[in-house]
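I have placed the structure first, in the form of structure tokens, so that the comments after it can refer back to it.
The values are calculated or read from the model by the stated rules, or taken from the named source; none is laboratory data. Keep in mind the model is a prediction, meaning the values are calculated, not measured. A quick note on method: Cβ atoms are made from the backbone with ideal geometry, for glycine too, and the neighbour counts reach across all protein chains shown. To get the accessible areas, we keep the full protein, side chains included, count just its heavy atoms, and leave off ligands, DNA and RNA. Shrake-Rupley method; radii C 1.70, N 1.55, O 1.52, S 1.80 Å.
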Amino acid sequence: MAEFTSFLNKTRFALQAFAEDVKDRARKNLINPKNNRGKKGVKGKLYNAIDYRLSNNGLMVSFPFWKDLKYAKYVEYGVKGVGFKPGSKVRNQKVEKGKYSFSRGKKSLPIDIFGGWIHTRKLFPRDAEGKFISRRSLKFAIAKNVYRRGIRAKQYMSPTFRSAFKKLPPQLEDAFAKDVDAFLAYVLEPYKKD
């Protein structure tokens, strides 16, 4: 006799459709201009890492990119900056909201992590005289600014998952009901009277 899990094809399909929907919408949210201060986001490592994994029997979905990319949670929830000195004339001084915060022990972030970021966005700023700023100086300025202002939360995954999860129960119920019907038809077939 066949196992019940072998009859759950429609349920597996519903879970896979749910995971695919979450993946697609999270990717769209990540590069959405609304989340990026009016600019279209860049399709980088985080965009490509957003994916799902189904268990061997296909009845459990996970999103493992949170473990693979350590900075994914910081982009999702934001990081509070340490702020500027009192009396500074800088607008938008720091991100007030954020689940995480930078420690005050350091003076700045490591500048090497911004090299690829600058290259991806093709930044070539100039000074007041019109000369190009060196890449090292630009990395230093960006690192110091991010450390002070923080990182604004993008909320690309949480709202997507919640809204898709609200729609999941009716789809899953229908799929599971069809799978149970198929299983019962298979099990009760020998007992049918002609």
Could you tell me which of the residues Phe165, Phe132, Phe124 is aromatic (Phe, Trp, Tyr), out of contact with any helix residue (DSSP H, G or I) (no Cβ under 7 Å at 6 or more places or on another chain), within 30 Å of Phe18 (Cα to Cα) and open to solvent by 60 Å² or more (accessible area, probe 1.4 Å)?
Phe165
Residue list for the range 104-121, restricted to those being open to solvent by 70 Å² or more (accessible area, probe 1.4 Å) and assigned to a loop (DSSP other than H, G, I, E, B):
Arg104, Gly105, Lys106, Lys107, Pro110
Residues being among the small types (Gly, Ala, Ser), in contact with an Asp or Glu (Cβ under 7 Å, 6 or more places away or on another chain) and more than 23 Å from Asp112 (Cα to Cα) - total across the range 139-194
2
